[in-house]
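The values are calculated or read from the model by the stated rules, or taken from the named source; none is laboratory data. In this text the structure is predicted, and so the values were computed from the model without any measurement. Virtual Cβ from ideal backbone geometry, glycine too; neighbours counted across all protein chains shown.
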Ligand code: ADP
Ligand code: ZN
Ligand code: ZN
């Protein structure tokens, strides 16, 4: 070995809980600054690694020879200290290994490239160009103008609370523009919840700033596309990065602004690996890197709403965010008038009440578009034998298999198991099997029948379309289906929550939620918040073009069919009074000591049997009590319980809730508890354990 070689500590992606530390020492003949990407031997393989630090590395212990770094990915600037601090924070806060978080924050293709291949990619990367200067800008409304002025002049972080259709996107565009003009090296990160919302936004940003300036980062891209986008952001060539939650880890040396659009959306929370909240990390990152952060929503999360409370006499400091309000719709448009149908007064089994059906017919006859929302795909959630009571249960999960009529299959939405629909009851042979309940497929079918005689203004028949996870499986399908709606080729759109979010539909004047009651009595304390957000967002798809409404001489409506029409969620929806709804919810949360007034973590265990899963959790809890783990005096550990869907793909699932009034205490406790969890797992009692994980700030309890 070269005598001048020094030791470097390299972060590599070791399997989590493998016991191997995730910072490994290697020898290097060159001095490698922290953040340098290298290839290093790991066991029999060679893997991508990230030089974490050089100083901390210990000299090779006598008698043990370290292996040398295999290659250095030259040509790529080291990942800067801001990025490394973000990764280190995320790993610590969400209880994962540094190497796992660091390496999974990098584009996957980087793992497979040799230095030569990478150099070739870098040569292809476009050089920086002057941003297109936007001209002919529309005049901002007074509310938009003042939100923009606040964002540009104050430090933030901001919660931009703006009604659906109040023009939040235009505020984002102007703030990005202004900050990029102020500083030629500045970059902006714009995050959206789901991939299906990105195309429209991407077009708006590309049209405003020039396609060269904007790159996307999301999981729907091919690996080469993702690498190219990532490299452009890392080099500072791309001034704007548009992406989903993963984009919060984009390397952006010039980061000056982070926007989190629809900040309430649950998809900002990663549900595997490091279970991070991209919204919360965005706020942390903004503060650390000195970038402004804007969280935007018409239905903010209660966490963000509470964090943005204005100071009062009792609470002279207020929240740590600044709240900005844009209550009015662009063009003085009105929010949808809410019509509630009491389903107790409808004939049993009614799917479309008579008044709703009449309203739909009227809209079609006037050439306007409507949207029918049902958060359940497939034809019917379960098949049932009327003779023996058999139900189409999944053999591998504690769930029903869903009936899909289109391809005559029964499919489990949890494990994916699928089979052909039986002709007769598999248990007793009776031919009397019927479907119970309904999904979007059935709604589409029923509407087709119910509206068959209705004519559009030009005398042609009504056109009905469906958008859900089934109709959009093929690549590009969703985009083309949405384009049809935008082009006015659809009169009634049936769909799941996919159609309720974000889309800027111009000619929809009626939205109906036909069966929203399911969420009213959920055991999850966030269910009312989520239902309100879904319905208010859905209502926000109607009447977005005030000029169109005026020309049609029509008003936009949101219909809700319910057996509990007076429920507080629907009352709040009726007046579109999010602040009142939030105030009431927060009061309940305060009384019950729930988030945002308390902090939670879940430990989940998956095992062959429920006993093993719960046994592991109980043992880990007792170990913490016995060892008097620091912070435990501030923690309530609840008994383990099975998950709502207890078994998936033959794996039993249980969880244990931890709660504390102090985030710091919970963090301290989790850090100190981690080794005990690992040790507990090794005990022979828990041999049937498949995996365990910690979910900090869980979204679903
Ligand atoms: P939000 O994101 O708040 O729901 P959008 O930003 O999508 O609302 O704006 C709704 C519609 O109003 C869009 O079609 C947008 O182009 C338009 N719009 C936004 N601001 C203005 C403005 N100042 N003048 C005219 N139209 C505007
Ligand atoms: Zn039967
Ligand atoms: Zn299943």
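Exactly one condition in (1) touching a residue at least 40 places away in the same chain (Cβ under 8 Å); (2) surrounded by fewer than 21 Cβ atoms within 10 Å (Cβ to Cβ); (3) part of a helix (DSSP H, G or I) is false for residue 581; which is it? Going through the list (1) touching a residue at least 40 places away in the same chain (Cβ under 8 Å); (2) surrounded by fewer than 21 Cβ atoms within 10 Å (Cβ to Cβ); (3) part of a helix (DSSP H, G or I), residue 581 breaks only (2).
Within the bounds of segment 477-499, is there any residue that is in contact with a helix residue (DSSP H, G or I) (Cβ under 7 Å, 6 or more places away or on another chain), within 16 Å of ligand 1 (Cβ to nearest atom) and modelled with pLDDT of 95 or more? No, segment 477-499 contains no residue that is in contact with a helix residue (DSSP H, G or I) (Cβ under 7 Å, 6 or more places away or on another chain), within 16 Å of ligand 1 (Cβ to nearest atom) and modelled with pLDDT of 95 or more.
Scan 64, 92, 124 and give me the residue that is exposed (fewer than 15 other Cβ atoms within 10 Å of the Cβ), closer than 21 Å to residue 226 by Cβ and at pLDDT below 95.
Working: 64 fails: closer than 21 Å to residue 226 by Cβ; 92 fails: closer than 21 Å to residue 226 by Cβ.
None of the other options fit; the residue is 124.
With a cut-off of at least 1 residues that are under 23 Å from residue 499 (Cβ atoms) and within 16 Å of ligand 3 (Cβ to nearest atom), name the strands (runs of 3 or more DSSP E) lying wholly within segment 387-473.
402-404, 409-411
To keep it simple, each residue is scored yes or no on (1) away from ligand 1 (no atom under 16 Å from the Cβ); (2) closer than 17 Å to residue 374 by Cα; (3) surrounded by 17 or more Cβ atoms within 10 Å (Cβ to Cβ).
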position: 404; (1), (2), (3): yes, yes, yes
position: 412; (1), (2), (3): yes, no, yes
position: 419; (1), (2), (3): yes, no, no
position: 426; (1), (2), (3): yes, no, no
position: 440; (1), (2), (3): yes, yes, yes
position: 447; (1), (2), (3): yes, yes, yes
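Return the residues of segment 501-540 that are over 30 Å from residue 598 (Cβ atoms), part of a loop (DSSP other than H, G, I, E, B) and either within 20 Å of the chain's Cα centre (by Cα) or more than 16 Å from ligand 1 (Cβ to nearest atom) (or both); say none if nothing qualifies. Selection gives 502, 503, 504, 514, 515, 540. Here are the criteria: (1) closer than 23 Å to residue 494 by Cβ; (2) surrounded by 21 or more Cβ atoms within 10 Å (Cβ to Cβ). Tell me which single one residue 385 does not satisfy. Result: residue 385 passes all but (1).
In segment 589-601 there is at least one residue that is buried (at least 22 other Cβ atoms within 10 Å of the Cβ), closer than 30 Å to residue 620 by Cα, more than 16 Å from ligand 2 (Cβ to nearest atom) and within 23 Å of the chain's Cα centre (by Cα).
Could you run through segment 318-338 and say how many residues are part of a strand (DSSP E or B), surrounded by fewer than 21 Cβ atoms within 10 Å (Cβ to Cβ) and within 11 Å of ligand 1 (Cβ to nearest atom)? Matching residues across segment 318-338 total 0. Does residue 678 fit the bill of being at pLDDT below 95 and farther than 30 Å from residue 396 by Cα? So residue 678 fails the test.
Given the condition more than 16 Å from ligand 3 (Cβ to nearest atom) and farther than 24 Å from residue 202 by Cβ, answer yes or no: does some residue in segment 481-492 qualify? Checked against the condition, which is being more than 16 Å from ligand 3 (Cβ to nearest atom) and farther than 24 Å from residue 202 by Cβ, segment 481-492 yields at least one hit.
Scanning segment 624-677 for residues being more than 16 Å from ligand 3 (Cβ to nearest atom) and assigned to a loop (DSSP other than H, G, I, E, B) gives a total of 10. Residue 418: closer than 30 Å to residue 609 by Cβ, more than 16 Å from ligand 2 (Cβ to nearest atom) and touching a strand residue (DSSP E or B) at 6+ places or on another chain (Cβ under 6 Å), yes or no? Answer is yes for this residue. Can you find a residue in segment 355-363 that is within 16 Å of ligand 1 (Cβ to nearest atom) and either over 27 Å from the mean Cα position of the chain (by Cα) or surrounded by 20 or more Cβ atoms within 10 Å (Cβ to Cβ) (or both)? Taking every residue of segment 355-363 in turn, none turns out to be within 16 Å of ligand 1 (Cβ to nearest atom) and either over 27 Å from the mean Cα position of the chain (by Cα) or surrounded by 20 or more Cβ atoms within 10 Å (Cβ to Cβ) (or both). Out of all the residues in segment 630-638, is one or more closer than 23 Å to residue 93 by Cα and in contact (Cβ under 8 Å) with a residue 60 or more places away in the chain? The answer is no; no qualifying residue exists. When you look at residue 637, is it surrounded by 18 or more Cβ atoms within 10 Å (Cβ to Cβ) and within 17 Å of residue 675 (Cα to Cα), yes or no? In short, no.
Condition (residue is closer than 17 Å to residue 362 by Cα and over 25 Å from the mean Cα position of the chain (by Cα)) applied to segment 463-470: is it met by at least one residue? Yes, segment 463-470 contains a residue that is closer than 17 Å to residue 362 by Cα and over 25 Å from the mean Cα position of the chain (by Cα).
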